[in-house]
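A short write-up of the structure that comes next.
The values are calculated or read from the model by the stated rules, or taken from the named source; none is laboratory data. The model shown is predicted, which means the values in this text are computed figures rather than measured ones. Reconstructed Cβ throughout: ideal geometry from the backbone, glycine too, with neighbour counts over all protein chains shown. Each accessible area value is taken on the protein alone, full model and side chains, heavy atoms only, with ligands, DNA and RNA left out. Shrake-Rupley method; radii C 1.70, N 1.55, O 1.52, S 1.80 Å.
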Amino acid sequence: MNEEPTGKWIEEIRLQCRFASHAWQEMRRSLIGMDNEKSFFYVHAFLNHSMEIAQILWPNNKDCNERGKGLREALKLTEDNLLNQSSIRRIVTHFDERLELWMGTADPPHFLNLNVMPKGTVADAREDVFVRSFDSETYRLEILDQTFDLRDLYQTIRQLDKTAETWRKLH
C-alpha cells in the first residue's frame, strides 16, 4: 500500500480514536453527574466512532479489502482484534429492526429504556426488560441482546491510537 494514502487513512483512524476518547471522557463525566440520557448519548457516540474505525480497518465493501488489509498490516493488527467483532457493527446498524423484533417478544410488554446501574438493582425487574442497560461499575453495556465490555473496547482504541501515532512518526 502506498505510504501517502496509508498516512491519510491512519490520520483518519487517529481522528476517530480521539473522537471516541472524547465521547468516553464525556460519558464518564455524565455518569458522575447521574445524567442517564447524556450518558447514553456519549455511549452511543463512543460506539459510533469505534464502528467507524472498524469499518476503515475491516471494510464491508470487497473493493476496499486491499485498503483494509494494508492498514491492518501497517498497524500490525490481527484478525482477533476487538474492533473486528461484527457485533460492534450490528449494535449500531439495523437497530430499528432488532428493536422491533425484541419488542415483539418482550414479556411483559412494558420495558425500561435507559438503565444506568447494575442489573438486579431495580427490585422485581426482570433482566430482559431493559432496552439499554449500562453497569456503571463494570462498564458492561447491554443493548437488546448484545453485551459489550466498553472498558476493553476503550483500551483497544487507546492502544490503536498509540500504534498509529508511532507509525506516523516513523513514516
(message) Cut-off under 28 Å on the C-alpha distance; same-chain residues fewer than 8 positions from Lys76 excluded. Which lysines are left, in chain and number order?
(response) Lys8, Lys62, Lys162, Lys169
(message) I need the GluC sites (Glu not before Pro) found in the range 21-98, filtered to DSSP loop residues with at most 15 other beta carbons within 10 Å of theirs.
(response) Glu79
(request) Quick one: angle between helix 3-32 and the longest Cα principal axis of the chain, in degrees between 0 and 90, rounded to 10, please. (result) 30 degrees
(request) Would you mind working out the accessible area per residue for the chain, using a 1.4 Å probe, and quoting it in Å²? (result) 58 Å²
(request) Note down the nm distance, to one decimal, between modelled labels 7 Å out along Cα→Cβ at Asn48 and at Leu114. (result) 1.5 nm
(message) Under the 0.36 nm per residue contour assumption, what length would be gained going from the current alpha-carbon distance of Thr138 and Asp96 to full extension?
(response) 12.4 nm
(message) With +1 on the Cβ of every Lys and Arg and -1 on the Cβ of every Asp and Glu, and nothing else charged, how large is the dipole of the chain about its Cα centre, in debye rounded to the nearest 20?
(response) 640 debye
(request) Mind giving me the nanometre distance, one decimal, between the label points for Lys76 and Cys64, set 7 Å out from Cα along Cα→Cβ? (result) 2.6 nm
(request) Would you mind telling me the share, in percent, of accessible area of the chain contributed by carbon and sulfur at probe 1.4 angstrom? (result) 49 percent
(message) Under 25 °C and 0.890 mPa s, how fast does the chain diffuse according to Stokes-Einstein, given a Kirkwood radius computed over C-alpha pairs? Answer in µm²/s, whole number.
(response) 142 µm²/s
